[in-house]
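As structure tokens, the structure follows; a few thoughts come after it.
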Amino acid sequence: MPPTAAATSLNGIIPRGGCGTLRRMLLALPLPGGCAGFGAPIPSIGLPPDAVEGAGDPTRAAIIGAAYALSDPASLAGRPEEAARAVANYEYLAVEIPTGPRWVGFSPLVGLELRRGLEEVRNAVGVAPGAPPQPVVDALYAASRAMRAGDAEAARRALSPPLFPAGGEATLARLTALPPLPQAGFAPSLAAREMSRQDSQDGRRGGGGFFGLGF
């Protein structure tokens, strides 16, 4: 089912109790790394200090960055360092948005779509099934830093088993030429639109969209 159709169909089955009930249902779904929702600890997740320049908000930057990068993976061709950051940001968002208290005002559909796209992203890059999200984020950022510094060997080491079963060389090749990722491109764009909606409601920004970018 196309992402837009999926979102539309979900709008028609929001349970009695509205978005609050749907969010609780979302928390009950399995999280990356095999952790469950109710009765199990939610995986801790964070981005490194260099995820955003200056004093910007790393989660907001991750949303807009992933929305742009993954909606057109061909734009990342030949730039594995940028692809690694985009994938790391998506991995982070797939945990942070559904569970983080800052985002409780988002439509629960955003978290559902992010969770749906995570398998697509992980399969494209070759992340081990059941790998916990934080080590995946850390490894991808470490590889990106190494590539920016011109240290290909360090990048390969960062993308080694068991998190990346195919090994560093093969994982770098995948990051160099990501396939189309329709679900993973749609989900962060949906998050960006929700962020723009909340900003407009809160009066922090006008109605022109997040940073005026039209989301």
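Considered as a group, the residues in the range 158-184 that are touching a Ser or Thr at 6+ places or on another chain (Cβ under 6 Å) and within 20 Å of TYR92 (Cα to Cα) include one that is surrounded by the fewest Cβ atoms within 10 Å (Cβ to Cβ), and that residue is PHE164.
In the set (1) out of contact with any Leu (no Cβ under 6 Å at 6 or more places or on another chain); (2) part of a helix (DSSP H, G or I), the condition left unmet by PHE106 is number (2).
Given the criterion at pLDDT 95 or above, in a loop (DSSP other than H, G, I, E, B) and crowded, with 16+ Cβ neighbours inside 10 Å, identify the matching residue among ALA143, ALA155, ALA139, ALA131. So that I can check it myself, show each step before the final result.
Values: ALA143 fails: in a loop (DSSP other than H, G, I, E, B); ALA155 fails: in a loop (DSSP other than H, G, I, E, B); ALA139 fails: in a loop (DSSP other than H, G, I, E, B).
Only one candidate qualifies: ALA131.
Restricting ALA146, ALA191, ALA170, ALA154 to residues that are touching a Lys or Arg at 6+ places or on another chain (Cβ under 9 Å), of a type outside the set (Val, Ile, Thr) and either more than 18 Å from VAL52 (Cα to Cα) or in contact (Cβ under 8 Å) with a residue 60 or more places away in the chain (or both) narrows the list to ALA154. Under the condition of being buried (at least 19 other Cβ atoms within 10 Å of the Cβ) and among the polar types (S, T, N, Q), the residues counted in the range 67-109 number 3.
Restricting attention to the range 75-87, the residues that are in contact (Cβ under 8 Å) with a residue 60 or more places away in the chain and among the small types (Gly, Ala, Ser) add up to 4.
The values are calculated or read from the model by the stated rules, or taken from the named source; none is laboratory data. Nothing here was measured: the structure is a model prediction, and the numbers come from that model. Reconstructed Cβ throughout: ideal geometry from the backbone, glycine too, with neighbour counts over all protein chains shown.
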